[in-house]
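Just below is one structure, and these are the notes that go with it.
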Amino acid sequence: MNRKSLTLTAALATTAAVTAGLTVLPSASAAPNTTTPAKPAATTSTKPGTAPYLPLSVAKKVSDIAMQKGIEKGYPVSVTVVDRDGVVINQQRADTATGATVQVSFEKAYAAAGFQTPTADLQNAAKTSPGFTYIPGFSILPGGVPITLDGHIIGGIGVSGAPTGELDADFANAALNTLN
């Protein structure tokens with residue numbers, strides 16, 4: 001090991017021991033094992049951490065609204081809502097929407113949640129960074145929008161089936177605007 005690695009390893013070991021409530025002597029290898037319990041560190045909360053999430057009821061609501069917006073304009077669309085990890089919470093396909101729209105709506109939702117940005121922005125970014133077009137499972141066509149709560153990404157919605165991605169994005173945004 002080099003000197004930086006040794007120093008980092010020693011610092012990490014000391015931090016772990018202090019966190020566990022132990023006092024560590026500076027040169028533990030040269031001194032006898034004389035660790036003593038230390039007072040527990042003061043914490044700001046004794047509750048485990050929580051993260052905001054996207055409830056099924058909300059996923060269904062935004063799916064229904066996006067689907068309805070597409071139907072109102074005369075476009076059978078598919079809508080997929082995923083959680084912040086890209087796992088499908090709700091997915092719908094209009095009666096006459098093509099089968100391909102189902103997968104594309106998922107890929108748009110997955111990309112929006114994963115990159116935490118609308119897929120229309122990703123499509124624009126791909127003009128100078130074409131690598132975006134080669135990421136398996138992601139679609140950077142417009143129509144994918146991240147879903148946020150109090151500044152945290154909690155999911156994504158993807159719409160596919162209208163003649164343009166901009167219309168798909170309009171349906172997704174209209175659905176999300178009902179949440180505010």
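The values are calculated or read from the model by the stated rules, or taken from the named source; none is laboratory data. These numbers were taken from a predicted model, which means no experiment stands behind them. FYI the Cβ positions are ideal-geometry reconstructions off the backbone, even for glycines, and counts take in every protein chain you see.
Looking only at region 65-101, how many residues end up being part of a helix (DSSP H, G or I), surrounded by fewer than 19 Cβ atoms within 10 Å (Cβ to Cβ) and not polar (S, T, N, Q)?
Number satisfying all stated conditions: 3.
Go through Leu149, Leu141, Leu167, Leu176 for me and flag whichever is over 23 Å from Gly74 (Cβ atoms) and either not hydroxyl-bearing (Ser, Thr, Tyr) or not assigned by TED's automatic domain parsing to the domain that holds Val87 (or both).
On the way: Leu141 fails: over 23 Å from Gly74 (Cβ atoms); Leu167 fails: over 23 Å from Gly74 (Cβ atoms); Leu176 fails: over 23 Å from Gly74 (Cβ atoms).
That would be Leu149, the only listed residue that is over 23 Å from Gly74 (Cβ atoms) and either not hydroxyl-bearing (Ser, Thr, Tyr) or not assigned by TED's automatic domain parsing to the domain that holds Val87 (or both).
What number of residues within region 115-126 satisfy the criterion of being within 21 Å of Val77 (Cβ to Cβ) and of a type outside the set (S, T, N, Q)?
4
With Ala94, Ala111 as the choices, which residue is closer than 19 Å to Ala174 by Cβ and in contact with a Phe, Trp or Tyr (Cβ under 9 Å, 6 or more places away or on another chain)? Talk me through it step by step, then tell me what you get.
Details: Ala111 fails: closer than 19 Å to Ala174 by Cβ.
From the options Ala94, Ala111, the qualifying one is Ala94.
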